[in-house]
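The block underneath contains the structure these notes are about, expressed in structure tokens.
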Amino acid sequence: MVAPILSMFFLMCYLFVNLACAVQTLLRTPNWRPRFKYYHWALSFLGMSMCLALMFISSWYYAIVAMVIAGMIYKYIEFQGAEKEWGDGIRGLSLSAARYALLRLEVGPPHTKNWRPQLLVLLKLDEDLHVKYPRLLTFASQLKAGKGLTIVGSVVQGNFLESYGEMQAAEQAIKHMMEIERVKGFRQIVVASKVRDGIMHLIQSCGLGGMKHNTVMMGWPYGWRQSEDPRAWKTFINTVRCTTAAHLALMVPKNVSFYPSNHERFTDGNIDVWWIVHDGGMLMLLPFLLKLHKVWRKCCMRIFTVAQMEDNSIQMKKDLATFLYQLRIEAEVEVVEMHDSDISAYTYERTLMMEQRSQMLRQMRLSSTEREREAQLVKDRHSLVRMGSLYSDEEEEVVEAPPEKVQMTWTREKCEAERRNRKNAPENFRELMSLKPDQSNVRRMHTAVKLNEVIVNRSHDARLVLLNMPGPPRDTEGDENYMEFLEVLTEGLERVLLVRGGGREVITIYS
């Protein structure tokens, strides 16, 4: 009983020696240097074949038993991570296969049907180098049905020579969090003097060859209004500009702490997609991938599109339903009609508060205490005059002004108009309080307020709301107004995913 098994193990020993020699020769590894002058890999392959044939000729069932025992021993050694000096041939094969695949991916850009989200997840670390918002990793893991690459990046602020130890500690912390959230991917930590520069380095250099990221995911800068340091939200807007310049898609989960963990299960509810602008189909693809995960599997997908008064709503709904049928995506289609309405006094007042706050923070370099007091003064003042402002002659002109169709995008003409208005900015607080809001800002605020009202009315109980993310202003002077518009657009929604396409189609009707 034992003798046949031992014979099989001897034959397997010679078999694997010959196999290792053949593989090392074919892989051309630098450390493989045989002494035999006339050695050829075919000799090893011949010896391996003879050993395998003898095993099955002598006793095929003992051969199978011996091979199963050998496989179990190998997996045990691999699981225990035992130190070995002979190397790993399978790892060598993997390296060669990876190199070959990367070179093949360089042939050309991927076809639309092969597009998948290759994520670069930008994480923020706290003072102890711990991940500040781990739910970003949770949400990234829920998109794993896309079978794409995931790179988790972060920036350690400082000098590389002095902060190398911190970089290693940050990498270990992120690795541990990735294991907890079951995120399969890679880590990339950079040290930079400025966080903004580090993020730009990550966007430019992460990935290798055809395995580069095409989508960036980052968190929302919470508390940007109360922050004493504007660099937090300035870095956010700069990252949006960088992704736009690099033609990368962008995902910004807002209120990410309310996002579900991988242990939660939604038994009902909707994933609502507000398709305002077609930017490549990301808004269609993301909820489809989420529904393949067990957390979101039982949610229904609803797609809302906005129609103006002159649009044919019935035809729009029919065309969108046909398009979804061709994409093989099951979703409920709804067309929402937004009626042209006058600009309300609330919109006028909120725009005025936004501009006055922005002017104050630019003109008066106040301390943190003074800044809060002055901002509260503006808010209290407008709360008192809000009802009375409805009857003022000047604001009646704004209320009764004919509506203008606007888009939540920024153009060069609007930036130049804002620049001309800033040249006439008041120099003291009393004149600042009598400032009239810029009409372009009023119209953009009006669009944001009206769109938010419609979204909250239809999607207030949705499990997740996906929205088109407007582009940032070209002029950096309007950054704070841009943040305010995004806040107004998403106000009153629990979970929001702002999505900005990368400028190319990511979904097709062809299988």
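We did not get these values from a lab; they are worked out from the coordinates using the rules stated. Values in this document were obtained by computation on a predicted structure and should not be read as measured data. With ideal geometry, Cβ positions are generated from the backbone for all residues, glycine too; neighbour counts draw on all protein chains shown.
Any of K254/K291; K175/K234; K132/K450; K124/K184; K75/K291; K124/K254 with alpha carbons more than 23 Å apart? Name them for me.
Pairs exceeding the cut-off: K175/K234; K132/K450; K75/K291.
Measuring from label point to label point, each 7 Å out along Cα→Cβ, what is the N262 to I507 span in nm?
A separation of 2.5 nm, rounded to one decimal place.
Net charge near V273, counting Lys/Arg +1 and Asp/Glu -1 over other residues with Cβ under 11 Å of its Cβ?
Details: positive: R302; negative: D272, E332, E334.
Here the count lands on -2.
Taking just the C-alpha trace of the stretch 129-265, give me its Rg and Dmax in Å.
15.0, 46
Quickly rank 125-135, 180-190, 477-487 as a protection proxy: mean count of other C-beta atoms within 10 Å, highest first. If you can, show how the numbers build up before the last one.
Numbers: 125-135: 14.9, 180-190: 17.4, 477-487: 20.7.
With the highest mean Cβ count within 10 Å placed first, the list reads 477-487, 180-190, 125-135.
Rank-order 262-273, 245-256 by packing density, defined as the average count of other C-beta atoms within 10 Å over each peptide's residues, highest first. Walk me through the intermediate numbers first.
Working: 262-273: 15.5, 245-256: 19.0.
Result, highest mean Cβ count within 10 Å first: 245-256, 262-273.
Let me test this: with uniform point scatterers at the alpha carbons of the stretch 137-215, what is the Debye-based log₁₀ I(q)/I(0) at q = 0.20, 0.23 1/Å?
Rounded to two decimals, the profile gives -0.94, -1.13.
Would you mind pulling out the separation of the Cα centroids of the stretch 159-235 and the stretch 245-321, in Å?
27
Please give me the summed charge of the neighbours of N214: other residues whose Cβ is under 14 Å from its Cβ, Lys and Arg +1, Asp and Glu -1. All intermediate terms of the calculation are to be shown ahead of the outcome.
Numbers: positive: R116, K147, K212, R500, R504; negative: D279, E505.
Net charge around N214: +3.
Which log10 I(q)/I(0) values does the stretch 2-103 give at q = 0.15, 0.16 Å⁻¹ under the Debye formula, counting every alpha carbon as one identical point scatterer?
Values, matching the q order: -0.77, -0.86.
Which of the peptides 151-158, 446-453, 20-27 is most tightly packed, and how do the rest follow, going by the mean number of other Cβ atoms within 10 Å of each residue?
On the way: 151-158: 21.5, 446-453: 19.2, 20-27: 17.6.
Per-residue mean Cβ counts within 10 Å order the peptides as 151-158, 446-453, 20-27.
Per 0.36 nm of contour for each residue apart, how much would the distance between N255 and A42 grow if the chain were fully extended, relative to their Cα-Cα spacing?
On the way: separation 213, 0.36 × 213 = 76.68 nm, distance 6.20 nm.
Contour length minus the Cα-Cα distance gives 70.5 nm.
Put one equal scatterer on each alpha carbon of the stretch 184-282, apply the Debye formula with no solvent term, and list log10 I(q)/I(0) at q = 0.10, 0.13, 0.22 1/Å to two decimals.
-0.39, -0.65, -1.34
Any idea how far apart I64 and D197 come out in nm if each label point goes 7 Å out from Cα toward Cβ?
6.5
So if I average 1/r over every pair of distinct C-alpha atoms in the stretch 1-53 and take the inverse, what Kirkwood radius in Å does that give? Display every interim value, and only then the final one.
Numbers: mean 1/r = 0.0836 Å⁻¹.
Evaluated on the stretch 1-53, it is 12.0 Å.
Modelled label-to-label distance, K184 and S163, 7 Å Cα→beta-carbon offset: nm?
3.3
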